[in-house]
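The structure's right below; bear with me while I get my questions together.
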Amino acid sequence: MIARCADVADVIAAVNFGRDNRLAIAIRGGGHNGPGFGSVDDGLVIDLSMMRGVRVDPAKRTVRVGAGCTTGDVDHATHAFGLAIPFGVVSTTGVAGLTLSGGHGYLGRQYGLAIDNLIEADVVLTDGTFVVANTTDSPDLLWALRGGGGNFGVVTSFLFEAHPATTVYAGPIFWELKDAARIMRWYRDFQASAPDEFYAFLGLQTVPSGDPFPREHWGKKICVLLVSHNGAAADAEKAVNAVRAALPEPIIDFAGPIPYLALQDMFDGLYPKGLHWYWKGDFVKTLPDAAIDVHIEQAARVPSDASLMHLYPIDGSVHRKAEGETAWNCRDATWSMVIAGIGSDPGQAPALKQWAKNYWEAIHPFDLGGAYPNFMKDDEGEARIKATYGDNYQRLGKLKKKYDPGNLFRVNQNVRPMA
Ligand SMILES: Cc1cc2nc3c(=O)[nH]c(=O)nc-3n(C[C@H](O)[C@H](O)[C@H](O)COP(=O)(O)OP(=O)(O)OC[C@H]3O[C@@H](n4cnc5c(N)ncnc54)[C@H](O)[C@@H]3O)c2cc1C
């Protein structure tokens, strides 16, 4: 059964119905979840995709966001006021799933994770009651929602703090794979000294075979830096030019001044719905030369043009919150890594999965134990979830016991209720 909710009353009815009929319940925000936790067989999907209102308060710089919004819905609404909330890098992703497990993207080094900007959430709990969680009412629930995923109830709306972002100097710069070792060595040192407003994620992937990429480079394996500078125009250009000067001549350079809104949906067309995905993640603290060698060796075996490895920075502002301040625990990692086997041919799905698994097994010894929950699949096991939440796991388990003792909300990276 799919309950297409129009408002909080529908969500309350759906939760009560699912609980009373002992159904497995999946909560669907944007439907982008890797393991597919936004859906469930033989159970109830609480589909929030119709609850998509956004209200911006430009004076207070706050934004009220319906739980079914994509990040693109919100960017569209905030851009008119020169504001943005730090979300991810593909605008078709749901705000709810992204935020509840952390949420990292271009503005993260400057303004933190999405959860660091979450002021308040409206929540329907397992017994059908409605609560508002903020720093004065149910502060423990707000703490759990800041990284603990969909374990604690159905969030029906979010209140975020927004920040200035209008025109950024941004875009992808591509080098051939033969230059990757040099770029990666430079990149690990660069990031440690880059100002917060300069965010650059690194990818090992393939030049897409289509416009606007020059035909002579289609299908080439590459190392890409996706730069984004959200500072004064002159500073931004100077900073990206310094990167250009430090590195070999790229084969493609699309970086320049663009509206933040255009940056946010730049890659939507490359990842349409319906593709086969298998991904694995890790938190990464350092990138020694030996790890770089493994990355390059594994990336060279990529089975499809859409598959990729990305290293997303999670330092700067993210590091300035204490580990215990939110349920998201890993405040000392430098990157959140994802290895994603992606393709359109169903027959290729096993090869995509095998490549991602092999790559991860080879690189994991260099990484931390846990991973960004939004880059984990449904086959990781409880030890990985514990490693991800570290010292916060106990507190999350106790709050799960308080807010969802029967584990009604278990179609997720599940935290078990703990006495
Ligand atoms: C192409 C692509 C790009 C991505 N890029 C980034 C990125 O740049 N940064 C980043 O941080 N992540 C990124 N992600 C990961 C993304 O954050 C996760 O896949 C996330 O789970 C998607 O959220 P959703 O609402 O779309 O998913 P859904 O499938 O709708 O929901 C996922 C899960 O979230 C929980 N949930 C959803 N809505 C609610 C709610 N209202 N209340 C309670 N629980 C809820 C439930 O447990 C649900 O099963 C990307 C994913 C994709 C596919």
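The values are calculated or read from the model by the stated rules, or taken from the named source; none is laboratory data. Since the model is a prediction, treat every value here as computed from it, not as a measurement. Please note: Cβ atoms are built from the backbone with ideal geometry, for glycine as well, and neighbour counts cover all protein chains shown. Please note that ligands, DNA and RNA were not included when accessible areas were found on the heavy atoms of the full protein model with its side chains. Shrake-Rupley method; radii C 1.70, N 1.55, O 1.52, S 1.80 Å.
Using unit Cβ charges (K, R positive; D, E negative) and no other charged atoms, how large, in debye to the nearest 20, is the dipole of segment 160-298 about its Cα centre?
With only Lys, Arg, Asp and Glu charged at Cβ, the dipole is about 320 debye.
What whole-number distance in Å separates the alpha-carbon centres of segment 166-203 and segment 280-340?
14 Å
If Glu249, Glu120, Glu216, Glu382 are ordered by their accessible area, calculated over protein heavy atoms with a 1.4 Å probe, which sequence runs from highest to lowest?
Glu249, Glu216, Glu382, Glu120
Pull out a ≥ b ≥ c, the square roots of the eigenvalues of the alpha-carbon gyration tensor of segment 224-335, then state rounded if a/c is under 1.5, prolate if not and a/b is larger than b/c, and oblate in the remaining case.
Cα axes put segment 224-335 in the rounded bin.
At Tyr271 and Ile119, where each label point lies 7 Å from the Cα along Cα→Cβ, what is the point-to-point distance in nanometres?
2.9 nm
Moving to a separate point now. Could you give the nm distance between label points at Gln354 and Glu323, where each point is 7 Å from its Cα heading toward the beta carbon?
3.9 nm
Under a crude label model (7 Å from the Cα following the beta-carbon direction), how far is Arg301 from Ala242 in nanometres?
It is 3.9 nm.
Which value, to two decimals, describes the C-alpha radius of gyration of the chain once divided by 2.2 N^0.38 Å?
0.95
Something else about it: Summarise the accessible area of the chain (1.4 Å probe, protein heavy atoms) by the percent that is carbon and sulfur.
Its accessible area is 53 percent carbon and sulfur atoms.
Starting from 0.36 nm per residue, how many nanometres of slack lie between Arg182 and Asn21 once their C-alpha separation is accounted for?
Here the answer is 52.1 nm.
So, counting K/R as plus one and D/E as minus one, what does the shell of residues with Cβ under 14 Å around Gln354 add up to?
Summing Lys and Arg as +1 and Asp and Glu as -1 gives +3.
Which three extents, in angstrom, do the Cα atoms of segment 99-180 have along their principal axes, listed largest first?
Computed over segment 99-180, the largest-to-smallest principal extents equal 57, 28, 17 Å.
Right, something else. Among Ala299, Ile314, Tyr278, whose Cα lies farthest out toward the positive end of the dipole of segment 257-327, if unit charges sit on the beta carbon of Lys, Arg (+1) and Asp, Glu (-1)?
With unit charges placed on the Cβ atoms, the residue in question is Tyr278.
Can I ask one more? Mind checking the full-extension length gain between Ile258 and Lys402? Use 0.36 nm per residue of separation minus the Cα-Cα distance, one decimal, nm.
47.2 nm
Which of the peptides 34-45, 299-310 is most tightly packed, and how do the rest follow, going by the mean number of other Cβ atoms within 10 Å of each residue?
My ranking of the peptides, most packed first, is 299-310, 34-45.
When the expected Rg is taken as 2.2 N^0.38 Å, what fraction or multiple of it is the alpha-carbon Rg of segment 269-394?
1.10
Could you work out how far the C-alpha centroid of segment 244-261 sits from that of segment 1-26, in angstrom?
For segment 244-261 versus segment 1-26, the Cα centre distance is 47 Å.
Something else about it: Please work out the FRET efficiency for the pair Asp140 and Asp379, using the Cβ-Cβ distance as r and a Förster radius of 25 Å; give the result to the nearest 0.05.
In this case the efficiency is close to 0.25.
Express in whole angstrom the spacing between the alpha-carbon centres of segment 355-415 and segment 94-164.
First find each Cα centre; the distance between them is then 18 Å.
What is the local net charge at Gln394, summed over the other residues whose Cβ is closer than 15 Å to its Cβ (Lys, Arg +1; Asp, Glu -1)?
+3
Over the chain, with the other protein chains present, what is the accessible area per residue in square angstrom, probe 1.4 angstrom?
38 Å²
Kindly list the residues of segment 41-55 that lie in the label zone of Asp7, defined by a backbone N under 20 Å from the point 7 Å along the Cα-to-C-beta vector.
What the label zone holds, given the 20 Å backbone N cut-off, is 46-55.
Convex hull volume of the Cα atoms in segment 1-149, per residue, in Å³?
For segment 1-149, the hull spanned by Cα atoms encloses 110 Å³ per residue.
Would you kindly compute the Cα radius of gyration of segment 145-217 and its largest Cα-Cα separation (Dmax), both in Å?
Looking at segment 145-217, its Cα Rg and Dmax stand at 18.7, 51 Å.
Here is a further query. Given the Cα-Cα distance of Val131 and Ala192 and 0.36 nm per residue of separation, how much length would full extension add, in nm?
Between Val131 and Ala192, full extension yields 17.8 nm more.
Right, something else. Magnitude of the Cβ-charge dipole of the chain, K/R +1 and D/E -1, about the Cα centre, nearest 20 debye?
That gives the chain a dipole magnitude of about 540 debye.
Report, in debye and to the nearest 20, how large the dipole of segment 287-414 comes out about its Cα centre when Lys and Arg carry +1 and Asp and Glu carry -1 on their Cβ.
Rounded to the nearest 20 debye, it is 760 debye.
Compare the Cα positions of Gly324, Val54, Ala239 along the charge dipole of the chain (+1 at Cβ of Lys, Arg; -1 at Cβ of Asp, Glu; about the Cα centre) and return the one farthest towards the positive end.
Among Gly324, Val54, Ala239, the one farthest towards the positive end of the dipole of the chain is Gly324.
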